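Heads up, the thing below is written out as structure tokens.
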Amino acid sequence: MKEIKVLKPEFARVSSKGQVVIPQDIRQKTGIKAGSIIAFSEAYHLIVIRTLPLVLSRREEKGLKNLIEAWKDFETGKFEVCSPAELFKRQRKWASKR
């Protein structure tokens, strides 16, 4: 059985904007630098942070840009609530125009 090494925890304070500074030791061990792309996920009150490759494929880059635009639309209220059936209907219509 492989032994899992548990490191001592590092602590940081969350700012009023939700920002956290990743401790220097962790940044150095994981290769996180200014401009690095990281992904966040949450399960069972645990937050997992994972670094992503700095070089993204065109498809991945386009997907991230689309996601950013979608969040902007969400944050500015440019959305409406609809049923899943209506959502799929609209998606098929949108896809057929492409």
key: ³J(HN,Hα), Karplus 6.51/-1.76/1.60, whole Hz, each residue of region 23-30, x for Gly, Pro   = x, 4, 4, 5, 4, 5, 5, 9
request  = May I ask you to list the trypsin sites (Lys or Arg not before Pro) in region 28-64 that are in a DSSP loop and have at most 16 other Cβ atoms within 10 Å of their Cβ?
outcome  = 33
query = For the chain, with the dipole built from +1 on Lys and Arg beta-carbon atoms and -1 on Asp and Glu ones, taken about the Cα centre, which of 47, 22, 32 lies farthest toward the positive end?
reply = 32
query = If packing is taken as the mean number of other Cβ atoms within 10 Å per residue, what is the order of 17-28, 38-49, highest first?
reply = 17-28, 38-49
ask   = Can you list residues whose amide H is under 5 Å from residue 37's amide H, if they're 5+ apart or on another chain and H is modeled 1.01 Å from N?
value = 52
query = Considering only Cα-Cα distances, which of the following residue pairs are longer than 28 Å: 72/97; 17/72; 8/33; 2/62; 65/93; 17/78?
reply = 2/62
key: Lys, Arg +1 and Asp, Glu -1 on Cβ, resulting dipole of the chain about Cα centre, debye, nearest 20   = 440 debye
inquiry  = Compute the angle between helix 58-75 and the longest alpha-carbon principal axis of the chain, please, reported from 0 to 90 degrees and rounded to the nearest 10.
reply    = 80 degrees
More than 18 Å apart - percent of Cα-Cα pairs taken over region 1-54 = 46 percent
key: Angle between the chain longest axis and helix 84-97 axis [Cα atoms, degrees, rounded to 10]   = 80 degrees
note = Note, region 32-37: 3J(HN,Hα) by Karplus (6.51, -1.76, 1.60, θ = phi - 60°), whole Hz, Gly/Pro = x, goes 6, 10, 4, x, 4, 9
ask   = Percent relative contact order of the chain, based on C-alpha pairs within less than 8 angstrom and at least six residues apart?
value = 11 percent
query = Suppose every K and R has +1 on its Cβ and every D and E has -1 on its Cβ; what is the size of the dipole of region 1-54 about the Cα centre, in Debye to the nearest 20?
reply = 120 debye
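Bear in mind these aren't lab numbers, they're just calculated from the coordinates by the rules spelled out. Model, not experiment: these values are computed from the prediction. Neighbour counts are summed over all protein chains in view; Cβ atoms, including those assigned to glycine, are modelled from backbone coordinates with ideal geometry.
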